[in-house]
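Trainee: Here you go, one structure.
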Amino acid sequence: MPIINANNISQEYEWHGLEKSNEIPIVLVAGMGGSRSYWKPQVGDFAKNHQVLSYDQRGTGGSSAVKVDSIEQLAADFIGLLDALKIQKVHFVGHSTGGAIGQVIAINHPERLASLVLYASVHKADHYRHRVWGLRKQILETMGPEIYAKTTSLFFYPPEYTNAHHDELLAVEARTAQFELSSPEIMGSRIESILKFDVKADLGKIKAPTLVICSEDDLLTPAYFSQEMATLIPNAQLVLFQKGGHAYSRSNPEQFNKLVLDFIHQHSH
């Protein structure tokens, strides 16, 4: 995959779909894991009629293995990547931490976004988030990446999905632990960054057309965060699914893909 220097780090990225297009590209931005591989169930559908960009965030995948200082730094990395690739404007689809990055860009660089999808994301931390991520950080540091990856499936998916996809998830967990998970030090810095993130007071400044998505059974980013974001962001649309967990795009890819693509099409002209 190509690697480019942007914002003083190496960033690995990947294009999908139309090589040359006058359409505004879609960028898929992953959550805490930070790896573009998260979006595998989306790439095929999204790339049929769009140019789609995915990338590995600082400290993850094929990008520079360095710690993260803040969500604002990850947003600066993203803007640096767009500048290096000479991209003026994008449709931004962000999952969890990726959605936090999108909020910073929407607030500080509104001219770069044609639309914004905040999927299973947060705009601040609270006691619940500190409990969950404090525990996940402790699991990684004391029990290692293999156990951390196994617990990810329990946090990400509804019980029925986990049961039905047992063998598939075992393979994903093994691959994640061996090849994709950052070091405990880097992951710890990513966790600390999202726990100190808070843009609640600035959400009213967001001008981009915004779709907020979450599942009501999401254990990592409970739906009340999405409900508050949708209330504070002017004219935001809110869609809550009854079931699907934190990784709705993977547990229900057809429904997710249609919803997001329909929203992007509404704001493509």
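Trainee: Taking the stretch 64-118 only, how many residues are polar (S, T, N, Q) and either open to solvent by less than 20 Å² (accessible area, probe 1.4 Å) or in a strand (DSSP E or B) (or both)?
Mentor: 4
Trainee: From the list Met229, Met187, which one is part of a helix (DSSP H, G or I), farther than 24 Å from Leu113 by Cα and modelled with pLDDT of 95 or more?
Mentor: Of Met229, Met187, the one residue that is part of a helix (DSSP H, G or I), farther than 24 Å from Leu113 by Cα and modelled with pLDDT of 95 or more is Met187.
Trainee: Could you please give the count of residues in the stretch 158-171 that are in a helix (DSSP H, G or I) and surrounded by 18 or more Cβ atoms within 10 Å (Cβ to Cβ)?
Mentor: The number of residues fulfilling the criteria is 2.
Trainee: Can you pull out every residue in the stretch 48-60 that is over 13 Å from Ser193 (Cα atoms), in a loop (DSSP other than H, G, I, E, B) and either touching an Asp or Glu at 6+ places or on another chain (Cβ under 6 Å) or open to solvent by less than 20 Å² (accessible area, probe 1.4 Å) (or both)?
Mentor: Result: His50, Asp56, Gln57, Thr60.
Trainee: Of the numbered conditions (1) open to solvent by 70 Å² or more (accessible area, probe 1.4 Å); (2) under 20 Å from Tyr128 (Cβ atoms), Leu203 satisfies every one except a single condition; which is it?
Mentor: The failed condition is (1).
Trainee: Keeping to the stretch 5-47, report how many residues are part of a strand (DSSP E or B), under 26 Å from Phe197 (Cβ atoms) and hydrophobic (A, V, I, L, M, F, W, C).
Mentor: Selection size over the stretch 5-47: 6.
Trainee: So which of Leu261, Leu240 is on the phi < 0 side of the Ramachandran plot and either basic (Lys, Arg) or open to solvent by 40 Å² or more (accessible area, probe 1.4 Å) (or both)?
Mentor: Leu240
The values are calculated or read from the model by the stated rules, or taken from the named source; none is laboratory data. Fair warning: this is a prediction, and the values are worked out from it, not measured in the lab. Ideal geometry is used to build each Cβ from the backbone, glycine not excepted, and the neighbour counts take in all protein chains shown. Please note that ligands, DNA and RNA were not included when accessible areas were found on the heavy atoms of the full protein model with its side chains. Shrake-Rupley method; radii C 1.70, N 1.55, O 1.52, S 1.80 Å.
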